[in-house]
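> If you scroll down you'll find the structure; I have some questions about it.
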Amino acid sequence: MKNPYLIITVDGTSAVGKGTLSKAIAAKYQLKYLDSGTIYRAAALKLKNSGVQITEQYKATAEHLALLDHSSGWYDFYCISEKHQTYATIVDGKDVSNQLSSEEIAQLASIVSSDPQIRKHMDIFQQAFLSLLEHSPFKGVLLDGRTSGIDIFPEADIKFFITCSNEVKAKRRHLQTGEPEADILASLIKRDAREKLRKAGQVRPADDAIIVDSTNLTIEEVQRLAFNAINNR
């Protein structure tokens, strides 16, 4: 039976413009917006604040999975302003939105998300969003992630995979966070290499994904390409 809701996935590595595009699509087509990257950053922050040491050799334990148990209500993500497309991320009752944009948390999230047990745990959580739509005003769900079109919603109605040069990604992230551009570039290269080579959740486009290179495109041009693809699906 075909899913009654519209499912769209927007995947790619970090700082390629997925978030801006995803929020625009979600607003235009009345979709529930879910940011997979934010979930992993929040999970990394939760583990870090709980005293868990996250190194390149990190492996999740039963205790770590218990800390991230969804029934405990440790995580929440909601829209503050649809007009300005701003969202708040709540971890253990506190708004941690500003903490999640640092390169430190980005690196920790990349490591945590490479663990197969963590990915399975988080995939189930994100898939559960469909069950929450029945009594909501939303017409579907949009998942902004890395491999959501492969691992979470392989049945999605339309899948996008966004790419961009590392140099442009570093410049965009510098404007967003104010951190040194050279440091960001080195961090991006390291993280992208890890995510493309890891066994669990390897970042790559789904076979049926629409690939968009945003390197030389404006925000408006990327959105126009996406809207046309959705309207003509």
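> Put a dot 7 Å past each Cα toward the Cβ at Ser131 and Asp92; how far apart are the dots in nm?
Going from the Asp92 label point to the Ser131 one covers 2.7 nm.
> Straight-line reach only, C-alpha to C-alpha below 12 angstrom: list the aspartates and glutamates that Lys171 could link to, leaving out same-chain residues fewer than 8 apart.
Lys171 reaches Glu179, Glu181, Asp183.
> What FRET efficiency would be calculated for the residue pair Asp69, Ser102, taking the C-beta separation as r and a Förster radius of 30 Å, to the nearest 0.05?
Given R0 = 30 Å and the Cβ-Cβ separation, E is 0.75.
> At 7 Å along the Cα-to-beta-carbon direction for both Tyr29 and Glu221, put a label point, then send me their distance in nm to one decimal.
Distance between label points: 2.3 nm.
> Structure shown: which of Lys169/Lys190; Lys94/Lys159; Lys23/Lys139 lie over 23 Å apart, alpha-carbon to alpha-carbon?
Lys94/Lys159
> Can you figure out the FRET efficiency of Gln117 with Lys139, using R₀ = 35 Å and their beta-carbon distance, to the nearest 0.05?
With R0 = 35 Å, the Cβ-Cβ based efficiency is 0.55.
> A further question on this structure: Determine the relative contact order of segment 6-231: mean sequence separation of Cα pairs under 8 Å and six or more apart, normalised by residue count, in whole percent.
34 percent
> Which of the aspartates and glutamates could be linked to Lys46 by a straight reach, that is with a Cα gap under 20 Å, when you skip same-chain ones fewer than 8 residues away?
Correct list for Lys46: Asp35, Glu56, Glu63, Asp69, Asp76, Asp92, Asp95, Glu103, Glu104, Asp115, Asp123.
> Quote the FRET efficiency, to the nearest 0.05, computed for Ser81 versus Ser50 with a Förster distance R0 of 45 Å and r equal to the Cβ-Cβ distance.
Step by step, r from the Cβ atoms, then E = 0.90.
Just so you know, all these numbers are worked out from the coordinates, no wet-lab data involved. All values derive from a computational prediction rather than experimental measurement. Cβ sites come from the backbone with ideal geometry, for glycine too, and all protein chains shown count toward neighbours.
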